[in-house]
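To keep things clear, I will list the structure first and then write my remarks on it.
Rule-based calculations on the coordinates, nothing more; no lab input. Computed from a predicted model, the values in this text were never measured in an experiment. Please note: Cβ atoms are built from the backbone with ideal geometry, for glycine as well, and neighbour counts cover all protein chains shown.
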Amino acid sequence: MDLRKKDRPKISLEAIKKKIETTDRQKWIVLLLLGVLLLVIAMPVRAPEEESAEDAREEEEETEERAERSYEVKLEERLKAMIEGIDGVGRAEVMITLEDGGETVVVCDVEDTDSTQTVERTDGGTESRRENSRSESVVLADDMPYDVKQIEPKVRGVCVVAQGAGSDAVKLEIYHMIQALFNVDAHKIAIVEMGS
């Protein structure tokens, strides 16, 4: 069926305008509300549980990072003060890198079960079978693991830039101090003279 231009119904601007004017106000309100409802349904929304779990996870990571950084800064400040107290050292700058974020040891509830089962064999003898099982569960307080102790992060390396570090005697004292404080191998310690 081939519709030619002359066979098609003509839609004019006047016809559309007339149709709009004849449609009553309530129908327009209903159409508008349906459109708004479709928009609201189509909007992507995260579930509140997902938001709170994700927010809690992000907040925990930020807190751990801040705690690790504050521990690192505290070590740097204390070491800097110690180095600046060495005879022959002027001003000093210190940078410490850590192996990891430390470790938290939590309380675990451990349950060990031992059972022995004696079975008669077909030849008249008996055979004993022993089974051991162990289950561990983390003890919670207010939905958080109950901490026993916090193991601080280990120092990976230390870099010191100090006035007076050009002297071998001063450099040696700084090496000994760092090794005594942090148990860091000598190849993980860098000490250089501060420029003017």
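Gap in Å between the Cα centre of the stretch 86-101 and the Cα centre of the stretch 152-166? Cα centroid to Cα centroid, the span is 4 Å. Note on L38 and E136: the extension gain reaches 30.2 nm, defined as 0.36 nm multiplied by sequence separation minus the Cα-Cα distance. Against the set (i) -0.32, -0.65, -0.74, -1.10; (ii) -0.66, -0.90, -0.96, -1.14; (iii) -0.22, -0.52, -0.61, -1.10, the structure's computed log10 I(q)/I(0) by the Debye sum over Cα atoms at q = 0.08, 0.12, 0.13, 0.17 Å⁻¹ falls on (ii). Under 5 Å between amide hydrogens, built in the peptide plane, is the criterion, and for G102 it picks out K154 among residues at least 5 positions away or on other chains.
Projected label points at A169 and E193, each 7 Å from Cα along the beta carbon direction, are separated by 1.6 nanometres. The simple Förster model, with R0 at 41 Å and r as the Cβ-Cβ distance, assigns T113 and R69 a FRET efficiency of 0.40. Here the spin labels are modelled as points 7 Å beyond Cα on the Cα-Cβ line, and at V161 and D143 they lie 4.7 nm apart. Of the DSSP H helices in the chain, those that are both long (alpha-carbon extent of 20 Å or more along the helix axis) and hydrophobic (Kyte-Doolittle mean at least 0.0) are 25-42, 168-182.
For G157, the residues whose modelled amide H falls within less than 5 Å of its own, excluding neighbours fewer than 5 places apart on the same chain, are T97. Of all beta bridges that DSSP places with both ends in the chain, some 85 percent have antiparallel geometry. From Cα pairs below 8 angstrom and at least 6 apart in sequence, can you work out the relative contact order of the chain, rounded to a whole percent? Taking the mean separation of contacting Cα pairs over the length of the chain, I get 18 percent. Label-point separation (nm) for E59 and N183, each offset 7 Å from Cα along Cα-to-Cβ? Simple spin-label model gives 3.6 nm for this pair.
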